[in-house]
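Here's the structure we're looking at; comments come further down.
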Amino acid sequence: MALLPPRWSYSVLKAVAEVLADTSDGLTGREISDLLLRLRMEDPAPNATKRERLTEAFVARQNKDLSSKRIITFIVTAMEPVRYRRQPELFTLRQDRLNEHLVFV
C-alpha cells in the first residue's frame, strides 16, 4: 500500500488558493470550475469569491481523503506548461508565488 502525502495546514491551503485564484494573475472562475469538475472535487462554496471557493474546495477534499494528494494534483494540472504556451511569464509568476508557500510542506 502506497503512503499518501500528509495533510497540509489550513494556512498553506489558503495561501495556495490565494495564488491560484488571485484577482489579477490567477485562474478565472471558469477555469476553477473546470478544474474542480475535471478532478472530481466538490465545489462547496460556488457563490463565494474565487479565493474562498478554492480554499473551501481544498479543505473539503483534504478532509475527505485525509491527504493532500488531490491538492497536489490540482496544482500540477493548473500549472501544466502547455496551458501557458502563450503567456510563459504568467507561468513563471505563478510558479514563483506557489513555491514561496510550498517550500513549507
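All of the numbers you see were taken from the coordinates with simple rules; none came from a lab. The model shown is predicted, which means the values in this text are computed figures rather than measured ones. With ideal geometry, Cβ positions are generated from the backbone for all residues, glycine too; neighbour counts draw on all protein chains shown.
With contacts defined as alpha carbon pairs under 8 Å and 6 or more residues apart, what's the relative contact order of the chain in percent? Result for the chain is 34 percent. Calculated [222 nm] ellipticity per residue, helices only, for the chain: -18500 deg cm²/dmol; basis is -39500 (n - 2.57) per DSSP H run with n ≥ 4, divided by all residues, nearest 500.
Sum up the charges of everything whose Cβ sits under 11 Å from the Cβ of Leu54, counting Lys and Arg as +1 and Asp and Glu as -1, but leave Leu54 out.
-1
The calculated FRET efficiency for the pair Ile72 and Arg30, based on their C-beta separation and a Förster distance of 22 Å, comes to about 0.45. Summing Lys and Arg as +1 and Asp and Glu as -1 over all other residues whose Cβ lies under 14 Å from the Cβ of Ser67 gives a net charge of +4.
Taking every pair of distinct Cα atoms and averaging 1/r, then inverting, what Kirkwood hydrodynamic radius in Å comes out for the chain?
Working: mean 1/r = 0.0721 Å⁻¹.
One over the average 1/r among Cα pairs gives 13.9 Å for the chain.
Computed about the Cα centre, the dipole magnitude for the chain is approximately 280 debye when only Lys and Arg (+1) and Asp and Glu (-1) carry charge, each at its Cβ.
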